[in-house]
Amino acid sequence: MWSSDRLIRALRVEKQNMVTSTLKQWAKQSLALKRVYLWYQSRRRDYLPDWLEIISRDRVYWDEARREAENGPPVLIATSTGAHRATITIEALLAAALTLRGANVHLLLCDEVLPGCLLCSTEGYPNHGQFARHGPSKDLCPNCFKPADAMYRSLGLPVHRYSEFLSSEDLLNAAAVSSELPVADIAGYSLDGIKVGEHALAGALRFYARGTLAGEPYAEPVLRRYLKAALLTAYVTRNILKTRNFQRAVFHHGIYVPQGVIGEVCRRNNISVVNWNPAYRKQCFIFSHGDTYHHTLMTEPVSKWENMPWNTRMETELMEYLKSRWRGTNDWIWFQETPDEDLKSIARQLGVDFSRPCIGLLTNVIWDAQLHYPANAFSSMLEWLFRTIEYFSGRPDLQLLIRVHPAEVIGALPSRQRVVDEIKKAFPRLPENIFIIPPESQISTYAAMMPCNAVIIYGTKTGVELTSVGIRVIVAGEAWVRNKGITMDASSAADYFKLLDRLPLPPSRDEAARLRAQKYAYHFFFRRMIPVEFMEPAKGDVPYRMRLASVKDLRPGTSRGLDTICDGILQGKDFIFPAEDDMTS
């Protein structure tokens with residue numbers, strides 16, 4: 001039976017969810033109301049775990065473990081952006097779990113020092129001039145650092161602040177370089193080999209949610225803000241690493257400002273880096289050694305998965321999950337609530353004739369593609385897209401069906417540079433054999449691609465899914481499915497067009513290729529995505545909440561997923577969850 005205090009807390013959370021939902025609807029009506037919604041969100045605290053209450057149930061046990069860990073290997077959790085709703089809960093959980101495994105955990109927070117970071121975006125600052133002048137100092141910063149600092153300190157672990165590791169000389173240098181460096185030189189600027197200019201540009205592009213800063217009236221002062229932030233982050237990271245013999249650093253994402261800079265400084269100092277992100281499957285997270293998973297998955301050796309045992313139970317589990325992705329029922333990251341899966345309806349809406357050869361094409365979000373995937377056959381995703389349209393203009397025997405990524409309009413950071421707009425500027429009139437599914441369309445991406453002869457991708461993970469059901473995939477950029485022996489990979493523009501010249505492809509019944517694709521998909525979705533059962537999906541804008549009865553639940557041996565993560569951090573083991581054990585026992 002619930003206590004009265006617990007019931008009151010539950011009612012309070014439900015009331016907050018109702019308020020959030022109402023304000024979110026209002027925010028769609030005007031800019032002023034949107035600011036009210038964002039202000040309210042910045043002041044919510046219900047997403048923070050109550051560690052004092054959790055620890056109080058086993059205070060003696062926790063205090064003893066914490067004292068013993070003071071002599072353990074130092075681990076830096078460089079969380080930095082404290083109030084990030086998708087990270088603060090996980091990094092606090094990691095801090096506690098690593099402490100219980102004997103690690104001397106230290107935490108690092110920005111204490112309102114950075115003039116720009118990945119928490120800043122046009123969603124929160126639609127008045128770009130205001131952000132260019134003041135940055136996040138007046139509203140975001142106070143509601144980021146203080147609650148995070150209080151929560152982490154409730155664990156009794158050392159929490160360090162950015163300002164502790166910045167000398168007056170560091171501050172003067174950052175101010176001078178960020179204000180005096182010619183804007184044309186910023187992107188290529190390095191600090192002792194650290195590409196702070198590149199990270200600054202990535203941060204500014206993310207702020208604007210665009211693949212280019214051209215045409216933005218406040219682009220220069222915003223870019224200079226991110227350059228200063230990148231420089232300060234480099235100084236802080238360099239200085240804190242001198243204070244202790246840190247051998248490991250853990251932090252989310254691994255790109256943008258400040259995380260991208262932290263990672264680069266750590267790597268140059270031979271510190272083992274672990275980056276993490278929420279995975280697609282519910283209650284799952286993806287961890288990687290050395291760099292963000294956006295990069296490491298492209299070079300992961302095939303030996304990690306190609307020889308794993310395989311049986312019909314694993315195949316059934318995989319195919320059921322892949323089918324669930326059509327509607328996102330088993331995921332906490334998805335893009336369509338009620339997709340239209342009727343092929344006749346899709347053909348009627350688009351005017352496409354699926355009885356004739358049709359080639360699918362899947363885009364990425366423009367700014368996301370530029371930041372996550374290094375260019376390969378083409379200099380950018382847009383160049384690839386435009387040259388592909390030009391090619392199919394001369395192939396009336398084929399239909400090209402372009403599916404623009406739904407995340408352009410419903411992602412966490414909606415794009416301000418849209419693929420459809422760019423196509424219209426480059427091609428005012430499209431050939432009759434080229435069709436576009438816009439990002440807001442409820443047409444199911446999967447249903448539209450299933451009847452295609454082949455699908456062309458740049459960097460989307462959908463290639464992992466399509467190859468598993470026997471659809472041939474051509475990779476033009478850096479996708480995770482590349483170099484796995486299951487796709488047709490282009491290494492140059494000439495190579496790419498030679499692959500297109502082979503279209504349409506003859507029917508294939510290559511069961512060995514499909515099996516290999518399924519093995520990789522299983523590895524990707526069930527082994528690289530590590531379950532953490534303490535994290536449950538939440539309502540509203542908080543992605544998940546922690547449900548933890550006792551700090552003892554974080555001990556070694558109580559959670560296979562958490563053991564996999566902690567063994568990877570402390571012992572350098574692969575971040576691969578042995579999901580196949582349950583299917584082969």
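Are any residues in region 449-470 aliphatic (A, V, I, L, M) and touching a strand residue (DSSP E or B) at 6+ places or on another chain (Cβ under 6 Å), and if so, which ones?
Scanning region 449-470 gives Met449, Ala454, Val455, Ile456, Ile457, Leu466.
Can you tell me which residue in region 121-135 is farthest from Ala234 (Cα to Cα), limited to those that are at pLDDT 95 or above and buried (at least 21 other Cβ atoms within 10 Å of the Cβ)?
Phe131
Given the residues Asp563, Asp582, Asp541, which is the only one that is at pLDDT 95 or above and of a type in the set (Asp, Glu)?
Only one candidate qualifies: Asp563.
Just need a number here: residues in region 362-414 that are among the β-branched types (Val, Ile, Thr), at pLDDT below 95 and surrounded by fewer than 23 Cβ atoms within 10 Å (Cβ to Cβ).
Count: 2.
For residues that are part of a helix (DSSP H, G or I) and of a type outside the set (S, T, N, Q), scanning just region 94-107, find the one that is surrounded by the most Cβ atoms within 10 Å (Cβ to Cβ).
Looking at residues that are part of a helix (DSSP H, G or I) and of a type outside the set (S, T, N, Q), I get Leu94.
For residues that are more than 22 Å from the chain's Cα centre (by Cα) and β-branched (Val, Ile, Thr), scanning just region 281-323, find the one that is surrounded by the most Cβ atoms within 10 Å (Cβ to Cβ).
Only one residue fits best here, namely Val302.
What single numbered condition from (1) β-branched (Val, Ile, Thr); (2) buried (at least 24 other Cβ atoms within 10 Å of the Cβ); (3) out of contact with any Ser or Thr (no Cβ under 8 Å at 6 or more places or on another chain) fails to hold for Ile471?
Every listed condition holds for Ile471 apart from (2).
Quick check: anything in region 158-172 part of a helix (DSSP H, G or I) and within 28 Å of Ala412 (Cα to Cα)?
Yes: one or more hits.
What residue, of Gly254, Gly260, is assigned to a helix (DSSP H, G or I) and either at positive phi or not polar (S, T, N, Q) (or both)?
Only one candidate passes the filter, namely Gly260.
From the list Thr338, Thr388, which residue is over 23 Å from the mean Cα position of the chain (by Cα), under 26 Å from Gln283 (Cβ atoms) and either of a type outside the set (Phe, Trp, Tyr) or not assigned by TED's automatic domain parsing to the domain that holds Tyr280 (or both)?
After applying the criteria, what remains is Thr338.
Mind checking which residues of region 489-525 are surrounded by 17 or more Cβ atoms within 10 Å (Cβ to Cβ) and without any contact (Cβ under 8 Å) to a residue 40 or more places away in the chain?
Asp489, Leu499 - these are the residues of region 489-525 that are surrounded by 17 or more Cβ atoms within 10 Å (Cβ to Cβ) and without any contact (Cβ under 8 Å) to a residue 40 or more places away in the chain.
Tell me, which residue of region 437-462 that is in contact with a Leu (Cβ under 8 Å, 6 or more places away or on another chain) and among the small types (Gly, Ala, Ser) is nearest to Leu350 (Cα to Cα)?
Ala448
Determine which member of the set Cys144, Cys110 is modelled with pLDDT of 95 or more, crowded, with 21+ Cβ neighbours inside 10 Å, at negative phi and not acidic (Asp, Glu).
Result of the check over Cys144, Cys110: Cys110.
Please count how many residues of region 503-538 are at pLDDT below 95 and among the polar types (S, T, N, Q).
The total comes to 1.
Can you name the number of the only condition in (1) in contact with a strand residue (DSSP E or B) (Cβ under 6 Å, 6 or more places away or on another chain); (2) part of a helix (DSSP H, G or I); (3) surrounded by fewer than 20 Cβ atoms within 10 Å (Cβ to Cβ) that Arg244 fails?
Only one criterion is unmet by Arg244, namely (2).
Being assigned to a strand (DSSP E or B) and at negative phi is the filter here, so list the residues in region 72-93 that pass it.
Within region 72-93, Pro74, Val75, Leu76, Ile77, Ala78, Thr79 meet the criteria.
Of all residues in region 256-280 being out of contact with any strand residue (DSSP E or B) (no Cβ under 8 Å at 6 or more places or on another chain) and surrounded by fewer than 21 Cβ atoms within 10 Å (Cβ to Cβ), which is nearest to Asp563 (Cα to Cα)?
Only one residue fits best here, namely Asn270.
Considering each of Arg248, Arg244, Arg225 in turn, give the residue that is modelled with pLDDT under 95 and either closer than 15 Å to Ser190 by Cβ or among the charged types (D, E, K, R) (or both).
Selected residue: Arg244, the only one of Arg248, Arg244, Arg225 that is modelled with pLDDT under 95 and either closer than 15 Å to Ser190 by Cβ or among the charged types (D, E, K, R) (or both).
Which of the following residues is more than 23 Å from Gly72 (Cα to Cα), in a strand (DSSP E or B) and of a type in the set (Phe, Trp, Tyr): Phe207, Phe285?
Phe285
State all residues of region 402-441 that are charged (D, E, K, R), over 24 Å from the mean Cα position of the chain (by Cα) and part of a helix (DSSP H, G or I); if no residue qualifies, say none.
Asp421, Glu422, Lys424, Lys425
Could you tell me which residue of region 147-173 is nearest to the chain's Cα centre (by Cα), considering only residues that are at pLDDT 95 or above and among the hydrophobic types (A, V, I, L, M, F, W, C)?
Val159
From the list Ala202, Ala175, which residue is of a type outside the set (S, T, N, Q), assigned by TED's automatic domain parsing to the domain that holds Leu114, within 23 Å of Gln130 (Cα to Cα) and surrounded by fewer than 18 Cβ atoms within 10 Å (Cβ to Cβ)?
That would be Ala175, the only listed residue that is of a type outside the set (S, T, N, Q), assigned by TED's automatic domain parsing to the domain that holds Leu114, within 23 Å of Gln130 (Cα to Cα) and surrounded by fewer than 18 Cβ atoms within 10 Å (Cβ to Cβ).
Evaluate region 519-530: report whether one residue or more is among the small types (Gly, Ala, Ser), more than 20 Å from the chain's Cα centre (by Cα) and either outside the structural domain of Val274 (by TED's automatic domain parsing) or under 18 Å from Arg387 (Cα atoms) (or both).
No.
Of all residues in region 38-58, count the ones that are surrounded by fewer than 13 Cβ atoms within 10 Å (Cβ to Cβ) and at pLDDT below 70.
The number of residues fulfilling the criteria is 2.
Restricted to region 447-467, and to residues that are surrounded by fewer than 20 Cβ atoms within 10 Å (Cβ to Cβ) and of a type outside the set (A, V, I, L, M, F, W, C), which residue is nearest to Ala521 (Cα to Cα)?
Lys461
The values are calculated or read from the model by the stated rules, or taken from the named source; none is laboratory data. This one's a predicted model, so the numbers in the text were calculated from it and none came from an experiment. FYI the Cβ positions are ideal-geometry reconstructions off the backbone, even for glycines, and counts take in every protein chain you see.
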